[in-house]
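Contents: one structure, followed by commentary.
The values are calculated or read from the model by the stated rules, or taken from the named source; none is laboratory data. Small disclaimer: the values here were computed from a predicted structure and weren't measured. Positions of Cβ are backbone-derived with ideal geometry, glycine not excepted, and every protein chain shown enters the neighbour counts. The accessibility values were calculated without ligands, DNA or RNA, using every heavy atom of the protein model including side chains. Shrake-Rupley method; radii C 1.70, N 1.55, O 1.52, S 1.80 Å.
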Amino acid sequence: MHLIDQYAYSNALRRLHPGIKAGLALTIILLCLTLNEPAVGMVAALWMLGLAVGLARIPFRTFAGILLAEGTFLLLATIAVILSFSLHPSVLVGGWGIGVGPIWVSTSPASLYMGANLILRALGAASAMNFLSLTTPLVDLIDLLHRLHMPAIIIDLMTLMYRFIFVLLESLERMVRAQDSRLGFSGSYRRRMENTAWLATHLFIEAFLRSRNLQQALASRGYDGGDLRVLPIEYETDRRLLVLGLVGILSLVAVWWLV
Amino acid sequence: MSLFTFSAVTYRYPNQTQRPALHDFNLAIPGGEKIAVVGRNGSGKSTFFLHLNGLIKPRQGEVRFQGRPLDYSRKGLTALRQQVALVFQNPDDQLFSASVFQDISFGPLNLGMSDAEARERVLEAAALCDIEHLLEQPTHALSGGEKARVALAGVLAMHPDILAADELLASLDPWGRLKIREIFDVYHAQGKTILLITHDLGLIKHWATWVIVVHEGKAAFSGRADDLLGDEAIMNETGLVQIWRQAMQSC
């Protein structure tokens, strides 16, 4: 989370209007979901990789590494689609099979195509989401939702929850270090479980106390229970992303049309 | 006329079984001073501060601001909080937004300012606190000193007449402390009043123009620093004499 957040605040497209980045990412995701061709997903992933590395200056290894992790997860999730398991030898027409002990494992070109289609289109959609999360801080996305007239209560909750993630993470790290320095996690299994329970309890109490302090701090700055009003952020526009994004979207449609 | 007057104020937190946080607390706070508030942990300093902003209401007694009893209605509190600003001990308790720029804009917008006015206030406060380069940073990526300055900017953007800071300097390095003291001095030069809870007795001698000692829920002393240091009875009663001697020895 820290890594994604760090790039979101430091990439070259940071100052760009989040509406443009979110619009591009959502269009790519929709195209990957609706255009039923594996090539569409592959081209989408390549476009997003190119925009993230070329325009946003996200390191290739970072973007590719995240995509690889997601790809591994997708591969594991689609095993059931690609392979068939049976106790009796049976192979579909044109397929292949192998016996592993008492279990017969088989696949077919149709299953392989379906698996590849699922993985590539999901990767295309995931790469669009990665592009958005690595180039756009959550503050900008919350600001975008506010401009889109999302109910204020949801905006306020998102603002506070996002802020509290880091505040509580810091508290958690501090507590873990304090326990660890006194051999809190090196005793018996039972002792480790007890210490973990203590940690969870105290983190809950800390969250509760901090929320009370925050409420006092907000009130001291004139907050009387309405919306948490803050100034909108000012953004820039970048024609390069608009043009390249449009070319990318058209290329996905063209690939789907031609294949 | 005193800026604030506390008359026989008593405050007990819910479920507090020991003595009340404040008990028969009597104090008159002068305006236009740099005031150091000292006292042991648990003596009631922070509870006293929360009364200044109307965040808590005395169970008994009365708090007056500029001669009038505090008005705890929504309108009255808005007016009070426009003039009296609190900076909390832990900046993480105060910074609610992940955007430094947006967090500072919160106070001015609550005062009913337009976006343009609020933007102006944010930039002005950021310049005063020397955090212009941090405006686009996320609050969770700031150091302790930077968070303290952002929290300070968040209240200075409201242009309060009275600034009350609870141990703001305690967790800062000497450079951070120096910077905050410079900001205080600039603010005080504009005729504003500053109250600072501190455990640094050096500040009493070299920075404060007025000192308040809170001891066991009561205001044990309120006056000039030299008067405090010369008052052997108060110095002994509050235990400040040992701390002061130690501070002098280490100098």
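May I ask you to say which residue of B:Leu95, B:Leu163, B:Leu134 is open to solvent by less than 50 Å² (accessible area, probe 1.4 Å), away from chain A (no Cβ under 11 Å) and over 26 Å from B:Pro30 (Cα atoms)? Just a single option satisfies the conditions, and that option is B:Leu134.
Taking the stretch B:137-148 on its own, how many of its residues are open to solvent by 40 Å² or more (accessible area, probe 1.4 Å) and within 22 Å of the chain's Cα centre (by Cα)?
Filtering the stretch B:137-148 for residues open to solvent by 40 Å² or more (accessible area, probe 1.4 Å) gives B:137, B:141, B:143-144, B:146.
If we keep only those that are within 22 Å of the chain's Cα centre (by Cα) as well, we get B:143-144, B:146.
The qualifying residues number 3.
Condition first: away from every other protein chain (no Cβ under 14 Å), part of a helix (DSSP H, G or I) and free of Cβ contacts under 8 Å to residues at least 40 places away in the same chain. Can you find one or more residues in the stretch B:110-130 that meet it? Yes: the stretch B:110-130 contains one or more residues that are away from every other protein chain (no Cβ under 14 Å), part of a helix (DSSP H, G or I) and free of Cβ contacts under 8 Å to residues at least 40 places away in the same chain.
What about B:His206, is it open to solvent by 20 Å² or more (accessible area, probe 1.4 Å) and under 25 Å from B:Thr78 (Cα atoms)?
So B:His206 fails the test.
In the stretch B:177-195, is there at least one residue being within 30 Å of A:Phe166 (Cα to Cα), in a strand (DSSP E or B) and touching a Lys or Arg at 6+ places or on another chain (Cβ under 9 Å)? Among the residues of the stretch B:177-195, not one is within 30 Å of A:Phe166 (Cα to Cα), in a strand (DSSP E or B) and touching a Lys or Arg at 6+ places or on another chain (Cβ under 9 Å), which makes the answer no.
The residue that is farthest from A:Asp140 (Cα to Cα), among those in the stretch A:11-32 that are over 17 Å from the mean Cα position of the chain (by Cα) and not in a loop (DSSP other than H, G, I, E, B), is A:Leu31.
Remark: pairs (first residue in the stretch A:227-253, more than 14 Å from every other protein chain (Cβ to nearest Cβ); second residue aromatic (Phe, Trp, Tyr); Cβ separation under 9 Å; 6+ apart in sequence or on different chains) = A:Leu244/A:Trp47; A:Gly245/A:Trp47; A:Val247/A:Trp47; A:Gly248/A:Trp47; A:Ile249/A:Trp47; A:Ser251/A:Trp47; A:Leu252/A:Trp47.
When A:Ala8 is tested against (1) within 15 Å of the chain's Cα centre (by Cα); (2) surrounded by fewer than 23 Cβ atoms within 10 Å (Cβ to Cβ), only condition (2) is not met.
Filtered by the rule that a residue be open to solvent by 100 Å² or more (accessible area, probe 1.4 Å), free of Cβ contacts under 8 Å to residues at least 40 places away in the same chain and part of a helix (DSSP H, G or I), the stretch A:80-119 gives a lone residue, A:Met114.
Step by step: first the residues of the stretch B:57-78, then only those that are touching a strand residue (DSSP E or B) at 6+ places or on another chain (Cβ under 7 Å) and buried (at least 17 other Cβ atoms within 10 Å of the Cβ), then the one that is farthest from the other protein chains (Cβ to nearest Cβ). Which residue is that?
The extreme case among them is B:Gly61.
Among the residues of the stretch A:130-147, some residue qualifies, meaning at least one is free of Cβ contacts under 8 Å to residues at least 24 places away in the same chain, of a type in the set (A, V, I, L, M, F, W, C) and open to solvent by 30 Å² or more (accessible area, probe 1.4 Å). The number of residues in the stretch B:102-131 that are within 20 Å of B:Ile180 (Cα to Cα) and either surrounded by fewer than 17 Cβ atoms within 10 Å (Cβ to Cβ) or more than 21 Å from the chain's Cα centre (by Cα) (or both) comes to 4. Kindly provide the set of residues from the stretch B:140-174 that are in a helix (DSSP H, G or I), of a type outside the set (D, E, K, R) and farther than 20 Å from B:Asn110 by Cα, ordered by number. Once the filter is applied, which keeps residues that are in a helix (DSSP H, G or I), of a type outside the set (D, E, K, R) and farther than 20 Å from B:Asn110 by Cα, the stretch B:140-174 yields B:His140, B:Ala141, B:Gly144, B:Gly145, B:Ala148, B:Pro174. Checked against (1) open to solvent by 10 Å² or more (accessible area, probe 1.4 Å); (2) touching a residue at least 24 places away in the same chain (Cβ under 8 Å); (3) within 24 Å of A:Phe164 (Cβ to Cβ), B:Leu201 meets all criteria but (3).
Is it the case, given these coordinates, that A:Leu241 is hydrophobic (A, V, I, L, M, F, W, C) and touching a strand residue (DSSP E or B) at 6+ places or on another chain (Cβ under 7 Å)? Against the criterion (hydrophobic (A, V, I, L, M, F, W, C) and touching a strand residue (DSSP E or B) at 6+ places or on another chain (Cβ under 7 Å)), A:Leu241 qualifies. Within the option set A:Arg210, A:Arg182, A:Arg192, A:Arg177, being in a helix (DSSP H, G or I) and either touching a strand residue (DSSP E or B) at 6+ places or on another chain (Cβ under 8 Å) or surrounded by fewer than 14 Cβ atoms within 10 Å (Cβ to Cβ) (or both) holds for one residue only, A:Arg177.
On inspection, B:Ala220 qualifies as buried (at least 17 other Cβ atoms within 10 Å of the Cβ) and small (Gly, Ala, Ser).
Okay, residues lined up against (1) among the acidic types (Asp, Glu); (2) modelled with pLDDT of 95 or more; (3) farther than 24 Å from B:Gln83 by Cβ; (4) crowded, with 17+ Cβ neighbours inside 10 Å:
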position	(1), (2), (3), (4)
B:Arg12	no, no, yes, yes
B:Asn15	no, no, yes, no
B:Pro30	no, no, no, no
B:Gly39	no, no, yes, yes
B:Gly44	no, no, no, yes
B:Thr47	no, no, no, yes
B:Leu50	no, no, no, yes
B:Asn53	no, no, no, yes
